[in-house]
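Report on one structure; see the data block that follows.
The values are calculated or read from the model by the stated rules, or taken from the named source; none is laboratory data. Just so it is clear, the structure is predicted and the values come from calculations on it, not from any experiment. Every residue, glycine as well, gets a Cβ built from its backbone with ideal geometry; the counts of neighbours run over all protein chains shown. What goes into the accessible areas is simple: the full protein's heavy atoms, side chains included, and nothing from ligands, DNA or RNA. Shrake-Rupley method; radii C 1.70, N 1.55, O 1.52, S 1.80 Å.
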Amino acid sequence: MPHTSGSSRTSRTSRTSRRTRPKPSLYISVDVEADGPIPGPYSMISLGAAVAGRQDADGYVPADPEVRTFYRELRPISDDFVPEALAVSGLDRERLLREGGEPGAVMAEFGAWVREAAREAGAQPVMCGYPASYDWTFLYWYLIRFTGGSPFGHSGCLDMKTLYATKARLPLRAVAKGTMPPALLSARRHTHHALDDAVEQAELFSNLMLWEPDRIE
């Protein structure tokens, strides 16, 4: 049998550990307010984001979601809108047409903000939303349409409803905030202001990440 020194085995083990240790994730809670159901025919009119926390192989560490945030209001990109959808945000569309940020500039600024936060955290950015499907649809479309790329890649998103359903062992369509244990919910109101809601949902996300269902009634 060939002789293998202890130092050689240790070196190979160390190299294997470095190769297999996953890169950390930085979770960023994102909330979008829009004036219709889909991007393109309708517009994203505000965008809010808050850093929720960081996860590595040792576990998840929440952040204070008020410390690192992003908020902008955007100029609509089409003439079409759904009055009921617009009313949810409370924003004045005429004012946004005059004063809203140019979408290309806003999305470039947002992409730079995400990349800088991720760089400082030494982690890959992941968007999280409640539900992620709606916010991600607008966010990814706008990033690709106006900047040509996404700091989250094409699939770096996590849906909080799915996270809860998996941990609680519930069918996804049975999930709503009202079905969750009160201890998981943020004490903040859901105002439909994009930044307020991003911060609120960052707290919900951190609570979900740390939740051990068998230990909470």
Checklist entry - What tally of residues in region 185-205 results from selecting those that are among the polar types (S, T, N, Q) and open to solvent by less than 10 Å² (accessible area, probe 1.4 Å)? => result 1
Item to check | Qualifying positions in region 51-92 - free of Cβ contacts under 8 Å to residues at least 12 places away in the same chain and farther than 24 Å from GLU109 by Cβ | outcome: ASP58, GLY59, VAL61, ASP79, PRO83, GLU84, ALA87
Next on the checklist: Can you tell me which residue is nearest to GLN55 (Cα to Cα) among those in region 119-166 that are part of a helix (DSSP H, G or I) and among the aromatic types (Phe, Trp, Tyr)?
Outcome noted: TYR164
Checklist outcome for this item: MET44 fails exactly one of (1) among the aliphatic types (A, V, I, L, M); (2) open to solvent by less than 40 Å² (accessible area, probe 1.4 Å); (3) at pLDDT below 95, namely (3)
Checklist entry - Looking at (1) over 17 Å from GLU200 (Cα atoms); (2) among the small types (Gly, Ala, Ser); (3) surrounded by 14 or more Cβ atoms within 10 Å (Cβ to Cβ), which is the only condition ALA63 fails? => result (1)
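Looking at PRO103, PRO76, can you tell me which residue is more than 16 Å from VAL30 (Cβ to Cβ), surrounded by 15 or more Cβ atoms within 10 Å (Cβ to Cβ) and under 25 Å from the mean Cα position of the chain (by Cα)?
On the way: PRO103 fails: more than 16 Å from VAL30 (Cβ to Cβ).
Only one candidate passes the filter, namely PRO76.
Looking only at region 169-184, count every residue that is within 20 Å of GLY59 (Cβ to Cβ) and surrounded by 15 or more Cβ atoms within 10 Å (Cβ to Cβ) and tell me the total. Don't jump to the end; show me each part of the working.
Quick first cut of region 169-184, residues within 20 Å of GLY59 (Cβ to Cβ) only: 183-184.
Now narrow it down to the ones that are surrounded by 15 or more Cβ atoms within 10 Å (Cβ to Cβ): 184.
Qualifying residue count, region 169-184: 1.
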Checklist entry - Between a first residue in region 134-158 that is over 22 Å from LEU204 (Cβ atoms) and a second residue that is of a type outside the set (Phe, Trp, Tyr) and open to solvent by 40 Å² or more (accessible area, probe 1.4 Å), which pairs have beta carbons less than 8 Å apart while being 6 or more apart in sequence or on different chains? => result PHE146/ALA108; THR147/ALA108; SER150/ILE144; PRO151/ARG115
Checklist entry - Among the residues of region 206-217, which ones are open to solvent by less than 50 Å² (accessible area, probe 1.4 Å), in a helix (DSSP H, G or I) and either free of Cβ contacts under 8 Å to residues at least 12 places away in the same chain or among the hydrophobic types (A, V, I, L, M, F, W, C) (or both)? => result LEU208, MET209
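Conditions (1) within 21 Å of PRO151 (Cβ to Cβ); (2) touching a Cys at 6+ places or on another chain (Cβ under 9 Å); (3) outside any helix (DSSP H, G or I), marked per residue:
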| residue | (1), (2), (3) |
| --- | --- |
| GLU73 | yes, no, yes |
| SER78 | no, no, yes |
| PHE81 | no, no, yes |
| ALA87 | no, no, no |
| GLU94 | no, no, no |
| MET107 | yes, no, no |
| ALA112 | yes, no, no |
| ARG115 | yes, no, no |
Item to check | Residue match in region 141-158 (condition: of a type in the set (D, E, K, R) and either open to solvent by less than 60 Å² (accessible area, probe 1.4 Å) or farther than 21 Å from PRO37 by Cβ (or both)) | outcome: no
Checklist entry - Does ALA87 count as over 23 Å from PHE152 (Cα atoms) and of a type in the set (Gly, Ala, Ser)? => result yes
